[in-house]
1. Let me spell it out: the conditions are (1) within 14 Å of another protein chain (Cβ to nearest Cβ); (2) under 25 Å from B:Gly304 (Cα atoms); (3) touching a residue at least 60 places away in the same chain (Cβ under 8 Å), and B:Gly411 meets all of them except one. Which number is the exception?
2. Give the residue, chosen from A:Gly438, A:Gly446, A:Gly450, that is surrounded by fewer than 24 Cβ atoms within 10 Å (Cβ to Cβ), within 29 Å of B:Ile338 (Cα to Cα), among the small types (Gly, Ala, Ser) and within 10 Å of chain B (Cβ to nearest Cβ).
3. Of the residues that make up the stretch A:114-131, is at least one over 15 Å from the mean Cα position of the chain (by Cα), surrounded by 20 or more Cβ atoms within 10 Å (Cβ to Cβ) and either modelled with pLDDT under 95 or over 25 Å from A:Asp56 (Cβ atoms) (or both)?
4. Can you give me the number of residues within the stretch B:133-144 that are buried (at least 19 other Cβ atoms within 10 Å of the Cβ) and in contact (Cβ under 8 Å) with a residue 40 or more places away in the chain?
5. Restricting the search to the stretch B:324-333, which residues are exposed (fewer than 14 other Cβ atoms within 10 Å of the Cβ) and either modelled with pLDDT of 95 or more or hydroxyl-bearing (Ser, Thr, Tyr) (or both)?
6. Which of the numbered conditions does B:Met161 fail, given that it passes all the others? Conditions: (1) of a type outside the set (Val, Ile, Thr); (2) under 25 Å from B:Ala442 (Cα atoms); (3) open to solvent by 30 Å² or more (accessible area, probe 1.4 Å); (4) not in a loop (DSSP other than H, G, I, E, B).
7. Within the set of pairs 6 or more residues apart or between chains, which connect a residue that is closer than 12 Å to A:Val153 by Cα and among the β-branched types (Val, Ile, Thr) inside the stretch A:95-111 to a residue that is at pLDDT 95 or above and open to solvent by less than 20 Å² (accessible area, probe 1.4 Å) with Cβ atoms less than 6 Å apart?
8. So B:Tyr433 fits all but one of (1) of a type outside the set (Lys, Arg); (2) touching an Asp or Glu at 6+ places or on another chain (Cβ under 7 Å); (3) not in a helix (DSSP H, G or I); what number is the exception?
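The values are calculated or read from the model by the stated rules, or taken from the named source; none is laboratory data. Computed from a predicted structure; not experimentally measured. Counting neighbours? That spans all protein chains shown, and the Cβs are built from the backbone with ideal geometry, glycine included. Surface accessibility is based on the protein's heavy atoms, side chains included, excluding ligands, DNA and RNA. Shrake-Rupley method; radii C 1.70, N 1.55, O 1.52, S 1.80 Å.
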2 protein chains.
Amino acid sequence: MTYTPPIQEQKFLLRHIVALQDFAGAEDFTELSAELSDAILDGVGALAAGEFASLDRIGDTLGATWSPEGVTLPDGFKAAYRAYVEGGWGTLAGPVDHGGQGLPQTLAAVVLEDLGSANLGFSLINMLTPGAIEALKHHGSKELQDAWLPKLVTGEWSGTMNLTEPQAGSDVGALRAKAVRQPDGTYRIEGQKIYITWGEHDLADNIVHLVLARTPDAPVGTKGISLFLVPKFLLDANGDIGARNDVRCVSIEHKLGIHASPTCVMSYGDEGNCVGYLIGAECGGMRAMFTMMNNARLNVGLQGVSVAERATQKAVAYAQARIQSARAGAASRDPVAIIEHPDVRRMLIRMKALTQAARALTYYAVGQVDRAALGVEGAQARVDLLTPLVKAYGTDIGVEVASLGVQVHGGMGYIEETGAAQHYRDARITPIYEGTNGIQAADLVGRKLGLEGGTVFARLIADIRADATGEGALMALTDAVEGVATHMANASADDRLAGSYPFLTMLSVVTAGWLMTRQLAAAEGSDGDPVFLAMKKAAARFYLDQIVPEALGLEPAARAPADILYSIPAEAFAA
Amino acid sequence: MTYTPPIQEQKFLLRHIVALQDFAGAEDFTELSAELSDAILDGVGALAAGEFASLDRIGDTLGATWSPEGVTLPDGFKAAYRAYVEGGWGTLAGPVDHGGQGLPQTLAAVVLEDLGSANLGFSLINMLTPGAIEALKHHGSKELQDAWLPKLVTGEWSGTMNLTEPQAGSDVGALRAKAVRQPDGTYRIEGQKIYITWGEHDLADNIVHLVLARTPDAPVGTKGISLFLVPKFLLDANGDIGARNDVRCVSIEHKLGIHASPTCVMSYGDEGNCVGYLIGAECGGMRAMFTMMNNARLNVGLQGVSVAERATQKAVAYAQARIQSARAGAASRDPVAIIEHPDVRRMLIRMKALTQAARALTYYAVGQVDRAALGVEGAQARVDLLTPLVKAYGTDIGVEVASLGVQVHGGMGYIEETGAAQHYRDARITPIYEGTNGIQAADLVGRKLGLEGGTVFARLIADIRADATGEGALMALTDAVEGVATHMANASADDRLAGSYPFLTMLSVVTAGWLMTRQLAAAEGSDGDPVFLAMKKAAARFYLDQIVPEALGLEPAARAPADILYSIPAEAFAA
């Protein structure tokens, strides 16, 4: 059940894909140095491989426990979370004014990647708090920031995101939670929220819920939504923890995976006395929510990478140790480790290639977040375009790689004690939450493709073309992607959406393939560890020669109009 | 949690793909008539939708329970199994001389399909017994047949298949269980077997284990393996149940899914007194085992179809009922059922198309088993060629469709109570057992492609070409498949195996696509239920226009030589 942080790979990407070294010395990142960055990778790697990984199976088998008094985690979680807080891991990219180190988001992403690989369900608490911090930092009043940010930044208090209600899932605008302004400027919150990740637990001293609700007479739909800070404990006059607020977890879900993460039904204002603080303006909730959401979408894409890395490591270790059958065509009839059999190797190299490609895509996008913070022109627009790709492609390959991981184990993969099955179960939530991958595809063709009149997309394609020379399949896919995009620009909403998912995959693969060519070029000229570089080159070649062509096979589906879908009435699907 | 047997679909395939009507009146199938076949579909459909489906979630949540006295199933299983026995469902294709009805295997397959859709784990007991019957029928002495077949045929006694040992999984030849001949002609059996499905339970009065073991001085590897019948209870002089044999279940596995099916570790001869009866000749075990195995491989492919059908039904019902968001581009801003949203419809039609295609492939192959029994030339060879496709493609789409089923449910799909997650867990064993799908791919390129000098494959391709006229993508895929096959014929073992899995998928899709064109033609000229026929045509068109091209994208991988896999040492995979 061990996890080995892929530090060489992480450093390689930080250097050749993110070019983190460019940030060092920039005004915003004065503290950044190669030494600091290396120390962070080593330090968080040790925490992940140690405390977090050792609780992975315990979290899965024991899970979180609900009682009317609250939710508790198994022994060991509190100490591990304290190690995270005391190590200052939450503070890396936090705002300097409130105790943060103001380091690049990319480094915070590597921290989450490692913790996610080690223990996906546990790491969600560390993923959600930064979303709350971002929302407060960008939209909260100075008063709110001063009161709540410092302990969110350290992680002494954790954050949550409360959107979903039973009738309002993907359709956020349908939510009904109410917020009524009081004479003192606070709001009384009332309503139920579901699927609230780490909505209640015993690891942090306080929990800061960011809750979407409607004020009376607000317009219907998303335009009438406001965002509120609703703490588990109110603060006293000194800013310390005071009275219990009128919010509670009424139950937790029984889920397929990520059992360490309590998924809560939260009830606000059962006693009519739930205090909330408005963040930003009334009816300005969606904008603030998207601040949290976009951050979270990149991080969920990264979760796909995390689980893929862990599943790959486990499968490789098993395939190296498991002796079974002689190799076909070999002179010796002695049985060999199954990694020597061609189809097992094909699965393993596919797992490596998909994981590396999705990691490169994610790091690249998060790197653009940092560039945007430095004021680099076009960086924010590129993140906006890439966010649905990172979220959907990262999580799709997470599920695929975890499934291959089970397959490599054969019958052992189906036995829970082996652990491969846990990754398969854990991974399956990631294409669903933070906006289903179908929502990501709709976002891509509905909004992102046309950003700035389509020039954001065109600039990405131009960058890909510049590096793709000599790569036949990648060039062919680039042409196909551009052709489909042109087709989409003139298609009806139905036709665009009908082809949106295959198109999203095509664009993800061409972008990831581009980053693989860049890694290939970097590896050719590098004098690092020859074993690492050989694997890097093999994975990149496999991706470009075998996975890129698969995406070409999606072109007919991406171009297919919606008529076939609507040629039959909805009832016919039950025929 | 309900299940509706897809009777219209089953009848359509029996008529247009199997042409079951051709068998009626054939000497071997004197009892067969359209009325009988319809009555079977209706009757087993009711059993599946009733007793079996109602125990699906109970089986998943409570599972089988082990104690030193044996394994017990939750309340209700015994009665449901008795209903299966008393309904005579096990006897359909059983040998007439021993109480069977001698009906086509195709009808027995439909029975298993329905029971598998209703309760995959439970249905395994009904799937394994026929394998034991086939092995006895073809390889057992008259004495053994008379003693054991009648109650296996009714299902009063159940059968198992004992191959795997800890060191002998895919490499059956590595097994070590021992069998020593006694003066009375019986054998003393000794050894441990793992992963024995329904190896011990309380539903049937006796359990007949078919066990692979080695006699002393037998050659190493598969050539030295013999097959033995080892009952849980010996028979007394009257052929009734007598003394307990020295065989026991020492534990059951804790698995990802199919919890209703006890997966047993079986221990033979702990007290040195385990009686076994030789089936066939000493060292002739592999041949007898393949009789069981080939039957089982087709049935496991069918399990993929079963779970896909169930997952699709559940997703369709959810998508019809769940109201969320207005339809993009529609005039009305009222929220609609999510089945109205293009990407949800795309997922659902994909689920329908994959399920129908794999079902057609499976029915077609099982229909060839019946034709072979009738002496139709080339039928057995075609089954031999298609068996790895049915097993691997059926189970691959089972996993894909079950995963799409979770996705259609959104967050609800991740909650165990919804049931979508169970199908995702249950489905995942099917690409593993009865020979992993990688083993199927190796069988295809190593043995099946070259059957009768490649003419078996060539005849299949010729049949496909004859019907594919006018279908551009299918023709292109046929060309590609033929090109890869030619390439494979001249490739090294490593190169063949490196491309075997993508090639298997290509050949599966082109064959299933061919059967979809035949269904399309049949639907055009049919005057059946217009809603059913409209869905059939839409699913077939979707398959031909959108799924067939995806398989074209696999050609480079199918042709890729093994060098890239071996360009790096095994250790580099951990880098």
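1. Failing condition for B:Gly411: (3).
2. Selected residue: A:Gly446, the only one of A:Gly438, A:Gly446, A:Gly450 that is surrounded by fewer than 24 Cβ atoms within 10 Å (Cβ to Cβ), within 29 Å of B:Ile338 (Cα to Cα), among the small types (Gly, Ala, Ser) and within 10 Å of chain B (Cβ to nearest Cβ).
3. no
4. 6
5. B:Ser332
6. (3)
7. Here the result reads none, with nothing in the stretch A:95-111 linked to a residue that is at pLDDT 95 or above and open to solvent by less than 20 Å² (accessible area, probe 1.4 Å).
8. Among (1) of a type outside the set (Lys, Arg); (2) touching an Asp or Glu at 6+ places or on another chain (Cβ under 7 Å); (3) not in a helix (DSSP H, G or I), B:Tyr433 violates only (2).
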